[in-house]
Amino acid sequence: AAVWLGYLLNSALSLFPADIISTVEFNYSGELLATGDKGGRVVIFQHEQESKNRPHLRGEYNVYSTFQSHEPEFDYLKSLEIEEKINKIRWLPQQNAAHFLLSTNDKTIKLWKISERDKRAEGYNLKDEDGRLRDPFRITSLRVPVLMPMDLMVEASPRRIFANAHTYHINSISVNSDHETYLSADDLRINLWHLEITDRSFNIVDIKPANMEELTEVITAAECHPHQCNVFVYSSSKGTIRLCDMRAAALCDRHSKFFEEPEDPSSRSFFSEIISSISDVKFSHSGRYMMTRDYLSVKVWDLNMENRPVETYQVHEYLRSKLCSLYENDCIFDKFECCWNGSDSAIMTGSYNNFFRMFDRNTRRDITLEASRESSKPRATLKPRKVSTGGKRKKDEISVDSLDFNKKILHTAWHPKDNVIAVAATNNLYIFQDKIN
């Protein structure tokens, strides 16, 4: 078990709803970390090299670029406000000096180019240095413009806008392993896009019934396989996962594999259907496994075994007795995400009270850590936290009744190569890394 230490990246002293972080994503190298918030902004942090003064840290992340990705809109035909909140960010693999990412709100996906400029052209013939056009009759000689050094500028420019393809709210985007296409999913449909084509997409899944009164489930998440560009999965609010192969048919309404764990009749309750809804699905980097998160647990599935998961980890089983009050305050509908570490040997997901959980798949050990201002002081190591579930409470334990359900960690990300994690706690972003002895 690693010893984790960390620091707080961005913090607003007063909490505005627009500052609440709604997605966190490392790029393929881990060099950049992007966050999206409810105000439609994207903030990108860049990894700085290690400093000799602080050898115990692998280098910190500092703000690299900030830009407004989405603005609030209004659909006049349906009299609906479309909020600017960023639902998902997905990086594209880097092909040249620039970086590209996809960001989406409820309706519109945008492809952004993030590039650096440290030179500018000077010595134009037709305009002065301040940009005003020169009188052509006063130009008596030709100059060759030269590139002069300037202060580094990071520019974010929208290269493509993919709009008008989703009737319902987009919950997932996933870049395909061919790096040419990506899929976007809303509550009832999944579309396949080409990154170069904005005016059309292919509908590959449509679960909308002819009569909406017969609707029994919705799509909650979707992801492309990391190596096979024809395979993708999507999860549903009924706790099932369908794996589809685009080689079989143009419309993938018939799945190739269907993953579902049989329900234990003895534990059935009024809340069973709500807590079995899957909030996130992620393929392992190897492509052999996938992980799903429901309200109380994380499950790891082998793609070759459909009838039950190979591993189940309880995230906060002590909340089972509190489901009634969690239903009344709507917390039971919170959508927690989950993520793999770079080698697929550990998984992480969030909980309440700013707790987050890590599970080691090899040793089957688990740990609960807390993202707080105290733990983010320089050189402060994270102490494992324990929740007492009844009986006598030990000194270091926290009782279930004193958990703060307004403090929740829904979004986490793990560096693709190193033991560095990003944890979004409402409007604060924490970076933790294991201590280098």
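The values are calculated or read from the model by the stated rules, or taken from the named source; none is laboratory data. Just so it is clear, the model here is predicted, and its values are computed rather than measured. Cβ: placed from backbone, ideal geometry, glycine included. Neighbour counts: every protein chain shown. Note: accessible area is taken over every heavy atom of the protein model, side chains too, but ligands, DNA and RNA are not part of it. Shrake-Rupley method; radii C 1.70, N 1.55, O 1.52, S 1.80 Å.
Can you sort E155, E337 by 1.4 Å-probe accessible area, starting with the largest?
Details: E155 60, E337 20 Å².
Result of the area sort, largest leading: E155, E337.
Give me the distance in nm between label points sitting 7 Å out from Cα along the Cα-to-Cβ direction at D135 and N329, one decimal. The modelled label-to-label distance comes out at 7.5 nm.
Stretching D401 away from D199 to a fully extended chain increases their span by 67.5 nm, per 0.36 nm per residue minus the current alpha-carbon distance.
Quick check on the range 329-407: take the gyration tensor over C-alpha atoms, sort the square-rooted eigenvalues as a ≥ b ≥ c, and tell me if it's rounded (a/c under 1.5), prolate or oblate. Kindly include the intermediate steps, with their values, before the conclusion.
Values: a/c = 1.43, a/b = 1.24, b/c = 1.16.
Rounded, since a/c falls under 1.5.
Relative intensity of the range 84-196 on a log10 scale, I(q)/I(0) at q = 0.10 Å⁻¹, equals -0.49, per a Debye sum over C-alpha point scatterers of equal strength in the absence of solvent.
Taking all protein chains as shown and a probe of 1.4 angstrom, S297 keeps an accessible surface of around 10 Å². Quick check for you: which residues of the range 222-241 have the amide N under 11 Å from the point 7 Å beyond the Cα of E260 toward its beta carbon? Counting backbone N atoms under 11 Å from the label point, the list is 238-241. Pairs over the 30 Å Cα-Cα cut-off, from the set K257/K435; K322/K435; K38/K394; K299/K383; K238/K435; K78/K408: K257/K435; K322/K435; K38/K394; K238/K435; K78/K408. By a 1.4 Å probe calculation restricted to protein chains, R120 has an accessible surface near 110 Å², given to the nearest 10. Here the chain has an Rg and Dmax of 24.0, 93 Å, counting Cα atoms alone. Quick one: pull the percentage of alpha-carbon pairs in the range 88-148 with a separation above 16 Å. In whole percent, the long-distance tail amounts to 65.
Once you charge only the Cβ atoms, +1 for Lys and Arg and -1 for Asp and Glu, what is the size of the charge dipole of the chain about its Cα centre, to the nearest 20 debye?
On the way: 57 positive and 62 negative charges, 253 e Å.
The calculated dipole for the chain is roughly 1220 debye.
If you take all C-alpha pairs in the range 175-263, what percent of them are over 22 Å apart? The share of Cα pairs beyond 22 Å in the range 175-263 comes to 25 percent. Do you know the relative contact order of the chain, to the nearest whole percent, from alpha carbon pairs under 8 angstrom that are 6+ apart? Rounded, it is 15 percent for the chain.
Stretching the chain fully between A163 and A18 yields a gain of 49.9 nm (0.36 nm per residue, less the alpha carbon separation). Scaled against the 2.2 N^0.38 Å expected of a compact globular protein of N residues, the Cα radius of gyration of the range 203-352 reads 1.07. Put a dot 7 Å past each Cα toward the Cβ at D118 and E317; how far apart are the dots in nm? According to this spin-label approximation, the distance is 5.4 nm. Ranking L183, L92 from most to least accessible surface, computed with a 1.4 Å probe over the protein chains only, gives L92, L183. In the chain, the calculated helix contribution to ellipticity at 222 nm averages -500 deg cm²/dmol per residue, counting -39,500 (n - 2.57) for every DSSP H run with n ≥ 4.
Distances between every pair of Cα atoms in the range 233-282, grouped in 5 Å steps from 0 to the bin holding the largest one, split as 5, 19, 24, 20, 15, 10, 5, 3, 0 percent. Rolling a 1.4 Å probe over the protein heavy atoms leaves E217 with an accessible area of roughly 40 Å². Bridges between two residues of the chain, per DSSP, are antiparallel at a rate of about 95%. Express the carbon and sulfur contribution to the solvent-accessible surface of the range 13-140 as a percent, rounded to the nearest whole number, probe 1.4 angstrom. In the range 13-140, the share of accessible area belonging to carbon and sulfur is 50 percent.
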